[in-house]
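Asker: First the structure, then my questions, so here it is.
The values are calculated or read from the model by the stated rules, or taken from the named source; none is laboratory data. Because the structure is predicted, anything quoted here is derived from the model rather than measured. Methodologically, a virtual Cβ is constructed for each residue, glycine included, from the backbone with ideal geometry; neighbour enumeration extends over all protein chains shown. To get the accessible areas, we keep the full protein, side chains included, count just its heavy atoms, and leave off ligands, DNA and RNA. Shrake-Rupley method; radii C 1.70, N 1.55, O 1.52, S 1.80 Å.
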Amino acid sequence: MTPAELDILPSPQFWRRVSCSLYEQLVLLGVIALTFLVPNLALGILFGISLPSWLTFIYLYAVLGIYFVWYWTKSGQTLAMQTWRVRLIGKNGYTVNRRQAIWRYVYGSLWIAPCVLLQWAFHLEKWQIIEMLFTVALFFWPLSIYLDRTAPLLRQSLADRLAGTRLVELPKNLVTLS
């Protein structure tokens, strides 16, 4: 599709975003297992050391950032986005550049801040933290499309509006998986 054709497509609605996000979380389990668990298990088994939690967080944040930025700048779609026919575009329908992708990742991670505050305020345990992160990422963050007061078919999330990007829903007959 040409950039002009992409630019006039509607944005994905709430449940398509939730479905895509759920699938994305499943894909990210594999990414994390390969890039995080394997090296950390090797460090623990071979040398008996483990990374401090703050360094682990920074490492995971960087790994996931590389994953998203690479896919968004390459084709505008992660694996989950390809399956759910969702594509990230920049202004006028063009593929996002690296700077836009990085800012979208940073803005898209803002949902972590309220989770940290809730964990601190309520002294949540490990599994409660995971459940809270999962719920906020899956349901509450996609609800930010309703803060956008434009036409319902053009609504974008907070991260997209701040980064100057758009999610669009691709038509069924034009989708090719790459």
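Asker: Restricting to the range 153-162, what's the tally of residues that are in contact (Cβ under 8 Å) with a residue 60 or more places away in the chain and over 20 Å from Ala4 (Cα atoms)?
Answerer: 1
Asker: Sort out which residues of the range 154-178 are buried (at least 16 other Cβ atoms within 10 Å of the Cβ) and not in a helix (DSSP H, G or I), and write them in order of number.
Answerer: Arg155, Gln156, Ser157, Thr165, Arg166, Leu167, Val168, Glu169, Leu170
Asker: Among the listed residues Arg104, Arg87, Arg99, which satisfies the condition of being surrounded by fewer than 20 Cβ atoms within 10 Å (Cβ to Cβ) and modelled with pLDDT of 95 or more?
Answerer: Arg99
Rundown of residues vs (1) farther than 21 Å from Ser157 by Cβ; (2) over 16 Å from the mean Cα position of the chain (by Cα); (3) of a type in the set (Phe, Trp, Tyr), yes/no style:
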position	(1), (2), (3)
Leu9	no, yes, no
Cys20	no, no, no
Val31	yes, no, no
Phe36	yes, yes, yes
Gln82	no, no, no
Gly108	no, no, no
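Asker: Okay, next question. Could you pull out the residue among Pro3, Pro12 that is open to solvent by less than 60 Å² (accessible area, probe 1.4 Å), over 20 Å from Leu64 (Cα atoms) and at pLDDT below 90?
Answerer: Pro3
Asker: In the list Ser21, Ser50, which residue meets the criterion of being modelled with pLDDT under 95, touching a Leu at 6+ places or on another chain (Cβ under 8 Å) and open to solvent by less than 50 Å² (accessible area, probe 1.4 Å)?
Answerer: Ser21
Asker: Quick one: Trp84 ticks every box in (1) touching a residue at least 24 places away in the same chain (Cβ under 8 Å); (2) farther than 14 Å from Glu24 by Cβ; (3) of a type in the set (Phe, Trp, Tyr) bar one, so which box is it?
Answerer: Looking at each condition in turn, Trp84 falls short on (2).
Asker: Leu34 fails exactly one of the following numbered conditions: (1) open to solvent by 60 Å² or more (accessible area, probe 1.4 Å); (2) part of a loop (DSSP other than H, G, I, E, B). What is the number of that condition?
Answerer: (2)
Asker: If you don't mind, there's one more thing I want to ask. In the list Leu79, Leu143, Leu147, Leu117, which residue meets the criterion of being open to solvent by 90 Å² or more (accessible area, probe 1.4 Å), out of contact with any Ser or Thr (no Cβ under 8 Å at 6 or more places or on another chain), of a type in the set (A, V, I, L, M) and under 20 Å from Arg16 (Cβ atoms)?
Answerer: Answer to the selection: Leu147.
Asker: On the given criteria, is Ile66 open to solvent by 80 Å² or more (accessible area, probe 1.4 Å), hydrophobic (A, V, I, L, M, F, W, C) and under 12 Å from the mean Cα position of the chain (by Cα)?
Answerer: yes
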